[in-house]
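See below for the structure under consideration.
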Amino acid sequence: VLATHIYIGDYIRGDIGFNYLRRKELEVGPSGNGLTGFSFGFAFENKRFQLRYALSQFQPGKTLHHFGLALAMDKLNAL
């Protein structure tokens, strides 16, 4: 597995990853694998909350989307 974070400013981060084993195990033959094994995402984080999105492809046409929201409960009253 290879992965990296790319920081864009103080609050935004991009993520890219590649899982070679997943790509080989889910290979569908000579028709091609598309982006199988790759994953991409981004995160916006500050002291009050974190918003995250990521996608990964398991086979062509089978893409998984992840959404996440985390709130700092002790900081909510400052909104």
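Counting each DSSP H run of 4 or more residues in the chain as -39500 (n - 2.57), what helix-only mean residue ellipticity at 222 nm follows after dividing by all residues, to the nearest 500 deg cm²/dmol? Walk me through the intermediate numbers first.
Working: 1 runs with 6 residues, N = 79.
Taking each H run of at least 4 residues, the total per residue is -1500 deg cm²/dmol.
Working from the pairwise distances between different alpha carbons, so that the mean of 1/r is found and then inverted, what is the chain's Kirkwood radius in Å? Could the numbers behind the result be given before it?
On the way: mean 1/r = 0.0700 Å⁻¹.
Its Kirkwood hydrodynamic radius stands at 14.3 Å.
Pull up the cross-link candidates among the lysines for LYS62, meaning alpha carbon to alpha carbon under 20 Å and not fewer than 8 places away within one chain.
Output for LYS62: LYS24.
Length gain on complete extension for the stretch ALA54 to HIS66, per 0.36 nm per residue less the alpha carbon to alpha carbon distance?
Taking 0.36 nm per residue and subtracting the Cα distance, the gain is 3.8 nm.
Under 17 Å from the Cα of LYS75, which aspartates and glutamates turn up, not counting those fewer than eight places away in the same chain?
Within the straight-line limit of under 17 Å, LYS75 reaches these aspartates and glutamates: GLU45.
Would you please put 62-71, 9-18, 48-57 in order of how densely packed they are, using the mean number of other Cβ atoms within 10 angstrom per residue and starting with the highest?
48-57, 9-18, 62-71
So, counting K/R as plus one and D/E as minus one, what does the shell of residues with Cβ under 15 Å around PHE38 add up to? Mind dumping the intermediate values first?
Working: positive: ARG22, ARG23, LYS24, LYS62; negative: ASP15, GLU25, GLU27.
So the environment of PHE38 carries a net charge of +1.
Where a number appears in this text, it was derived from the coordinates with a stated rule and is not lab data. Note that the structure is a prediction, hence the values are computed from the model and not measured. No Cβ is skipped: glycine too gets one built from the backbone with ideal geometry, and neighbour counts run over all protein chains shown.
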